[in-house]
Amino acid sequence: MSTTPQPTSPEAPPPFRLDVQLHELLMKPSVRPTPPPLPTGAPHALPVPPFPSRPHLQAGNDEDYAPKGERRKYSPAQIMHAMKGWAFPYVKSRVLPGHFHPIVAYLFTEWKCNLDCHYCWAFDNRVKGMTEDIAKRSIDWLHSTSGRVLALMGGEPLLRPDFAHKVTYYAAKKGFWIYLPTNGRLLRPDVIDKLGDAGVSVVNLAIDAVDLKPGLPKALAPIRSYFDYLIKRQHRYGYCVFININICGNNMDDVRQLTEIAHDNGVATDYHICESPMTEQPHFKHLENNPTYVTEKHWDQVDELLDWIIAKQNSGYKMTNSTSRIAEMKQFMRGGIQDWNCRAGQNTLIIRTDGTLAPCFPMYSANYDWGTIENEKFEMGPLKVMKKACQPHCFSTLNHIVGFCYNDTRVIKWMLKQAMRGFQGVTNWSD
């Protein structure tokens, strides 16, 4: 019997991409995880952050922080902060017993979104956002582990900017390296200043087109003034910016233009290949007649685009993907990819809005019980079995980078390369 689900119509991709057996195990309603119990006494609350918390950063012009013509320099304190976020937890994971040693945690403060990108199933506007109690307990629990990288996730994490400000401030004060993905529509200058002042480390700005296109509302044109302000303020506050671009069936010229815009502004790019849902998403309504999906008729165009991106990276353009990983997109869009040592549930995890856990982003909607904050249940045996079936269907960039690091030779080579550069910026992680 075939393990591939059938499309809902000739124009639609399958409703899910996992093998049927694994999909049935993950989606069984009988094992839906129970949210963590409420604490005794009053619910936990996040402190109200002062603004500005670092008044000295409000002085001077932006040009004073980034003189023209000079390469960006990171201070010893910024380098140490990144080391505490990434390097120290990594070393701990290699020397401490057991298999659960988080490095990166994705905190889903929202599962709602203000946009409807037609390739994206990762939102449901019926779901309530995370409470302050769950957010604070999540950060405190993660702090008791090795994890020190915290990504605010959605949906759109800036639907409640004051909440995002509180989470960022509290986590930064506890030493977390904070990653913020956003579509930019709510990234007003006052929000940028508050998040920068609070200690955000990197902003992942998701843009798929220069101007609005069918099914692609994440465009640069509506947020251009916010983008310019974000770029201008990054040296003042010490955060980095990169543009996250999803390669779709209807935006390949835009991908080229956005790559050049990023390069002109001195920021890196990150690329994904458009994917249909890995697990069934009953709320998702764009499976049929979707112009964003990459189909067989697009393969030659995508191949040419990927070769162009690789050539640009080889000429010096900043990119978070390695050239080898970009080249693998050709294989992935044709239906499969090699095992890549996924570390989900070991060194990466997600925390849903209700405080339940899952190993990775594609498993957000799964009903399998991996535990909750303060009581994780990631078991190595079941994880290995699941990954054998799901890895060929997944192209997670950050999880791939984490998995790539669990090879001592690669890590030593990479560290030597960064030391020669004085730890002054990192791109092309895997080469």
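The values are calculated or read from the model by the stated rules, or taken from the named source; none is laboratory data. The model shown is predicted, which means the values in this text are computed figures rather than measured ones. Virtual Cβ from ideal backbone geometry, glycine too; neighbours counted across all protein chains shown.
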Being at pLDDT 90 or above, of a type in the set (A, V, I, L, M, F, W, C) and either closer than 29 Å to Phe378 by Cβ or touching an Asp or Glu at 6+ places or on another chain (Cβ under 7 Å) (or both) is the filter here; which residues of segment 27-61 pass it? Ala45, Leu46, Phe51, Leu57
Tell me yes or no: at least one residue of segment 202-218 is crowded, with 20+ Cβ neighbours inside 10 Å, in a helix (DSSP H, G or I), touching a Gly at 6+ places or on another chain (Cβ under 9 Å) and not acidic (Asp, Glu). no
For Glu156, state whether it is under 27 Å from Arg256 (Cα atoms) and charged (D, E, K, R). yes
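Residues are listed down the side, and each one gets a yes or a no for (1) closer than 24 Å to Thr145 by Cβ; (2) among the aromatic types (Phe, Trp, Tyr):
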position	(1), (2)
Leu57	no, no
Gly60	no, no
Ala66	no, no
Arg71	no, no
His81	yes, no
Trp86	yes, yes
Val91	yes, no
Phe100	yes, yes
Are any residues in segment 228-243 closer than 17 Å to Gln257 by Cα and surrounded by fewer than 21 Cβ atoms within 10 Å (Cβ to Cβ), and if so, which ones? Asp228, Phe242
Candidate set from segment 88-137 (those that are touching a residue at least 12 places away in the same chain (Cβ under 8 Å) and β-branched (Val, Ile, Thr)); member that is surrounded by the fewest Cβ atoms within 10 Å (Cβ to Cβ): Val127
Enumeration of residues in segment 61-81 that are loosely packed, with under 15 Cβ neighbours inside 10 Å and either polar (S, T, N, Q) or in a loop (DSSP other than H, G, I, E, B) (or both): Asn61, Pro67, Lys68, Gly69, Glu70, Arg71, Arg72, Lys73, Ser75
Residue hits (segment 297-328; assigned to a loop (DSSP other than H, G, I, E, B) and under 18 Å from Ile245 (Cα atoms)) are Tyr317, Lys318, Thr320, Asn321, Ser322
Take the conditions out of contact with any Cys (no Cβ under 8 Å at 6 or more places or on another chain) and assigned to a loop (DSSP other than H, G, I, E, B) and apply them to Ala366. Does it pass? yes
Considering residues that are without any contact (Cβ under 8 Å) to a residue 12 or more places away in the chain and outside any loop (DSSP other than H, G, I, E, B), the number found within segment 248-296 is 4
For Lys84, all conditions in the list (1) in contact (Cβ under 8 Å) with a residue 12 or more places away in the chain; (2) in a loop (DSSP other than H, G, I, E, B) hold save one; what is the number of the exception? (2)
Taking segment 119-162, which residues are within 16 Å of Thr356 (Cα to Cα) and either among the β-branched types (Val, Ile, Thr) or in a loop (DSSP other than H, G, I, E, B) (or both)? Val127, Lys128, Gly129, Met130, Thr131, Ile134, Ile139, Gly154
Output the residues belonging to segment 141-184 that are small (Gly, Ala, Ser) and farther than 30 Å from Ala209 by Cβ. Ser144, Ser146, Gly147, Ala171, Ala172, Gly175
Quickly run through segment 244-257 and pick out the residues that are surrounded by fewer than 21 Cβ atoms within 10 Å (Cβ to Cβ) and over 26 Å from Arg72 (Cβ atoms). Gly249, Asn250, Met252, Asp253
